[in-house]
Amino acid sequence: MSTAVTAALAARSLSLRAALERAPLALFQLLFRICVGAIYWNAGLTKIASWQTTVTLFTQEYQVPVLPPELAAYMATTIELTCPVLLFLGLATRLATLPMLGQALVIQLFVYPESWIEHLTWAAMLLFILTRGPGPISLDRFVLPALLGRRAAA
């Protein structure tokens with residue numbers, strides 16, 4: 001390969017890299033909130049569709065240690081139907097990721113340890129949201145500064 005061709009490929013590679021690095025972080029923050037929120041939301045809807053089936057699953061298949069099956073079912077369902085709404089809205093977003101991360105950890109350790117790739121994906125999105133925040137397309141952007149007595153950033 002000639003030097004000119006190599007130089008042209010290198011220049012295009014750098015140009016492509018620069019273009020990719022300009023992708024707005026806010027887009028990923030919003031997409032991760034929607035994606036992981038939808039996973040948990042759908043799980044919660046499945047649980048409330050047949051409560052008796054849910055309790056049976058927690059009794060026979062899930063068998064979360066320490067907690068009685070019905071309490072574990074209530075806790076899981078509550079997390080799955082409240083935290084995703086907070087993520088979708090971007091309201092108390094970082095706080096909402098904590099119970100979801102805890103639930104993913106419990107599922108990984110005690111229920112479906114063989115599904116670690118799926119749980120790692122959930123945890124990665126939740127940790128990204130926890131560490132980077134909900135982004136500018138969120139209610140947190142306006143509510144938190146108002147609560148703290150500051151103007152929202154432009």
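The values are calculated or read from the model by the stated rules, or taken from the named source; none is laboratory data. Fair warning: this is a prediction, and the values are worked out from it, not measured in the lab. Positions of Cβ are backbone-derived with ideal geometry, glycine not excepted, and every protein chain shown enters the neighbour counts.
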Filter segment 77-99 down to the residues that are closer than 22 Å to Ser50 by Cα and either buried (at least 18 other Cβ atoms within 10 Å of the Cβ) or at pLDDT below 95 (or both) and list them by number.
Thr77, Ile79, Glu80, Cys83, Pro84
Residue in segment 94-141 that is nearest to the chain's Cα centre (by Cα), counting only those that are of a type in the set (S, T, N, Q) and over 14 Å from Val36 (Cα atoms)
Thr131
Give all pairs with beta carbons closer than 6 Å in which a residue from segment 85-97 that is at negative phi meets a residue that is of a type in the set (Lys, Arg) and assigned to a helix (DSSP H, G or I); count only pairs at least 6 apart in sequence or on separate chains.
Leu87/Arg33
Answer yes or no as to whether Ile117 is surrounded by fewer than 19 Cβ atoms within 10 Å (Cβ to Cβ), out of contact with any helix residue (DSSP H, G or I) (no Cβ under 9 Å at 6 or more places or on another chain) and among the β-branched types (Val, Ile, Thr).
yes
Has segment 39-60 got at least one residue that is more than 23 Å from Leu120 (Cβ to Cβ) and within 15 Å of the chain's Cα centre (by Cα)?
no
Taking the options Arg22, Arg12, name whichever one is charged (D, E, K, R), over 20 Å from Gly133 (Cα atoms) and modelled with pLDDT under 95.
Arg12
Inside segment 46-76, the number of residues satisfying the requirement of being surrounded by 13 or more Cβ atoms within 10 Å (Cβ to Cβ), in a helix (DSSP H, G or I) and not charged (D, E, K, R) is 15
